[in-house]
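The values are calculated or read from the model by the stated rules, or taken from the named source; none is laboratory data. As the structure is a computational prediction, the values presented were derived from the model and not from experiment. Ideal geometry is used to build each Cβ from the backbone, glycine not excepted, and the neighbour counts take in all protein chains shown.
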Amino acid sequence: MTETAIAVQLEDVRFSYGRGPVVIDVPSLRLEAGTRTFLHGPSGSGKTTLLGILAGVLRADSGAVRVLGEDLTSMSGARRDAFRARHIGYVFQMFNLIPYLSVLENIILPVRMNAERRGRIRASNPAEEARRLAAALEIDHALGSAVGALSVGQQQRVAACRALIGSPELIIADEPTSSLDHDRRDAFLELLLEACEGAGSTLVFVSHDRTLAAHFEQEVSLGESNRAGEVAA
């Protein structure tokens, strides 16, 4: 029997901001490759912090963090950045769009920066793929606009397109539907789940909206998994 591939595996992971209290203390977390996981927990339970650790934005103080078979705790910051660019699509809670770039330029940025990810686009070129994703989320009319001219909900959709382009193996989404109305939320979820299924991507999705959990194969409660309890992030 073939052993199931593991996309994310955490063992005894602890993290603190500077000399502050421990905010993440997770004894074990294991996500199989290709699965869709809904991660939830009360405000202050450490959801955004944990996602930062999974993406290599933050480095765990101790424990093992293996993502797509690689040990992130042994990597330098530069190597984690390069790993994230190749393999991870991240919808940041605060979007992290580049203000001096257009919508189109923001969306195609990951595939401009990484040849491996560029080679996985579904369309004939990055701009065409960006238009396809933008059309699915009804922002194709704004591709030439500066991102600062967009509403919060539109910026959120730009961030989602940027995360999806190039079919990354792991997609991390931090409250990606919080600023979307009901119809656009459903359109976004349909696009996200379709993209993950088509690429065989693993999805880790954080939301306060527990009604969305039915769209996912498994739920993880960080309120129960994080031994540090209530934290600040």
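Table for the structure above
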{"quantity": "Matching residues in segment 167-184 - criterion: being touching a residue at least 24 places away in the same chain (Cβ under 8 Å) and not polar (S, T, N, Q)", "calculated": "Pro168, Glu169, Leu170, Ile171, Ile172, Ala173, Asp174, Glu175, Pro176, Leu180, Asp181, Arg184"}
{"quantity": "Residue in segment 216-227 that is surrounded by the fewest Cβ atoms within 10 Å (Cβ to Cβ), counting only those that are assigned to a helix (DSSP H, G or I) and either polar (S, T, N, Q) or in contact with a strand residue (DSSP E or B) (Cβ under 9 Å, 6 or more places away or on another chain) (or both)", "calculated": "Gly223"}
{"quantity": "Segment 179-233, subset among the β-branched types (Val, Ile, Thr) and over 16 Å from the mean Cα position of the chain (by Cα), residue modelled with the highest pLDDT", "calculated": "Thr211"}
{"quantity": "Residue in segment 197-207 that is part of a helix (DSSP H, G or I) and surrounded by fewer than 16 Cβ atoms within 10 Å (Cβ to Cβ) present", "calculated": "yes"}
{"quantity": "Odd one out for Val91, checked against (1) surrounded by 22 or more Cβ atoms within 10 Å (Cβ to Cβ); (2) over 26 Å from Ala130 (Cα atoms)", "calculated": "(2)"}
{"quantity": "Residue identified as closer than 19 Å to Arg86 by Cα and of a type outside the set (Ser, Thr, Tyr) among Arg185, Arg118", "calculated": "Arg118"}
{"quantity": "Set Thr73, Thr48: member being without any contact (Cβ under 8 Å) to a residue 24 or more places away in the chain and assigned to a helix (DSSP H, G or I)", "calculated": "Thr73"}
{"quantity": "Segment 167-176 - residue that is surrounded by 24 or more Cβ atoms within 10 Å (Cβ to Cβ) and among the aliphatic types (A, V, I, L, M) and, of those, nearest to Ile121 (Cα to Cα)", "calculated": "Ile171"}
{"quantity": "Residue in segment 155-166 that is surrounded by 16 or more Cβ atoms within 10 Å (Cβ to Cβ), free of Cβ contacts under 8 Å to residues at least 60 places away in the same chain and not small (Gly, Ala, Ser) present", "calculated": "yes"}
{"quantity": "Residue in segment 3-13 that is under 17 Å from Phe205 (Cα atoms), among the β-branched types (Val, Ile, Thr), surrounded by 16 or more Cβ atoms within 10 Å (Cβ to Cβ) and modelled with pLDDT of 95 or more present", "calculated": "yes"}
{"quantity": "Looking only at segment 94-120, and only at residues there that are surrounded by 17 or more Cβ atoms within 10 Å (Cβ to Cβ) and hydrophobic (A, V, I, L, M, F, W, C), the one that is farthest from Lys47 (Cα to Cα)", "calculated": "Leu104"}
{"quantity": "Flag if Val22 is of a type in the set (A, V, I, L, M), out of contact with any Gly (no Cβ under 6 Å at 6 or more places or on another chain), in contact (Cβ under 8 Å) with a residue 24 or more places away in the chain and surrounded by fewer than 19 Cβ atoms within 10 Å (Cβ to Cβ)", "calculated": "yes"}
{"quantity": "Odd one out for Ala213, checked against (1) surrounded by fewer than 18 Cβ atoms within 10 Å (Cβ to Cβ); (2) touching an Asp or Glu at 6+ places or on another chain (Cβ under 7 Å); (3) of a type outside the set (Lys, Arg); (4) under 22 Å from Arg84 (Cβ atoms)", "calculated": "(4)"}
{"quantity": "Options Ala149, Ala123: the member that is on the phi < 0 side of the Ramachandran plot and either among the polar types (S, T, N, Q) or surrounded by 13 or more Cβ atoms within 10 Å (Cβ to Cβ) (or both)", "calculated": "Ala123"}
{"quantity": "Elements of type helices (runs of 4 or more DSSP H) in segment 83-164, at least 3 residues being touching a Cys at 6+ places or on another chain (Cβ under 9 Å)", "calculated": "103-113, 126-136"}
